[in-house]
Every structure is written in C-alpha cells, then in structure tokens.
Amino acid sequence: MAHFRGTVSGGRTQASRLGHKSTGLETTAASWQGAAHVRLWHDASSDTDMVEVALTQHHGAGVSPDVVLYRGPVGEYAPHQCTSCCERGATVGDLCEQCDVENERNIAQYETSEARAIAAERAVTS
C-alpha cells in the first residue's frame, strides 16, 4: 500500500504518482528560470514523514548550488530547525558546525544569484 501520493496538473488532466515508505516520493517543477524540488521520505528512526523543499537549476538556469527552503517534518512547520545537511533535527541555536557553514554558503549563493538577476534585468532595460 502506498504511503505517499503526489499530484500534478497543467495543460491536461491531473495525474498522480504513489510512493512507499521504502522509496519516498520526489518531484521537480521547473520553468526556464529555474526549478523547485520537493522530496518526501519516511524517517524510520523517528517514525516521522519528512520533507525537503529546495530551489534548484533547470537547464542551467536557477539557483546553484541548491538552496534548501525547508527540511523537517511534513505534519508541522519548524522554521528554526536545521535545514541544510543535518538529519539530527537540531534547532538554529544548536546547529552543528557543518550545518552553520552550509547555511551561510546557501544564503551567500542566493544573494549572489539575486544580484546577478537584477543586474541582467537592468542591462536588458537600459
């Protein structure tokens, strides 16, 4: 029996896919300007369904490296939970050094991407 269900709709009728505890479920929604990636999985050690939502690239456009917007339990929003590399569910005040470095890198990369996009837009309009 399926544990996860995903749906997609666009120009045609709605379609769905199923995922199991052992396989999880992943999807990417993309445009020519980048993509969003969502991954669901079951963490057996805590018996919790988890989700990761990230901005990523599509055909060379978009955010690189990926910027994780949220990583945590599906059934609750935990904005102060560690979201980068750590599976241990640390809170922001208790990030491991690796997570702290990863978060800083993601923030810097996002800000650089935004600055490039603004500069490119200004170049086109001037």
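Before moving on, here are some points about what is shown:
- Condition broken by M1, with the remaining ones in (1) of a type in the set (A, V, I, L, M); (2) assigned to a strand (DSSP E or B); (3) over 30 Å from R116 (Cβ atoms) satisfied: (2)
- Filter pass, A90 being touching a Cys at 6+ places or on another chain (Cβ under 7 Å), of a type in the set (A, V, I, L, M, F, W, C) and modelled with pLDDT under 90: yes
- Scanning region 25-46 for residues that are part of a strand (DSSP E or B) and aromatic (F, W, Y) turns up just one, W41.
- Among residues of region 23-37 being surrounded by fewer than 16 Cβ atoms within 10 Å (Cβ to Cβ) and of a type in the set (A, V, I, L, M), the one that is farthest from P73 (Cα to Cα) is A30.
- Qualifying residue in region 51-73 (condition: more than 30 Å from R116 (Cα to Cα), exposed (fewer than 14 other Cβ atoms within 10 Å of the Cβ), small (G, A, S) and over 12 Å from the mean Cα position of the chain (by Cα)): no
- Residues being in contact (Cβ under 8 Å) with a residue 24 or more places away in the chain and not in a strand (DSSP E or B) - total across region 47-67: 1
Yes/no matrix, rows are residues, columns are (1) modelled with pLDDT of 90 or more; (2) surrounded by fewer than 13 Cβ atoms within 10 Å (Cβ to Cβ):
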position	(1), (2)
R5	yes, yes
A15	yes, yes
K21	yes, no
H42	yes, no
T48	no, no
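The values are calculated or read from the model by the stated rules, or taken from the named source; none is laboratory data. As the structure is a computational prediction, the values presented were derived from the model and not from experiment. With ideal geometry, Cβ positions are generated from the backbone for all residues, glycine too; neighbour counts draw on all protein chains shown.
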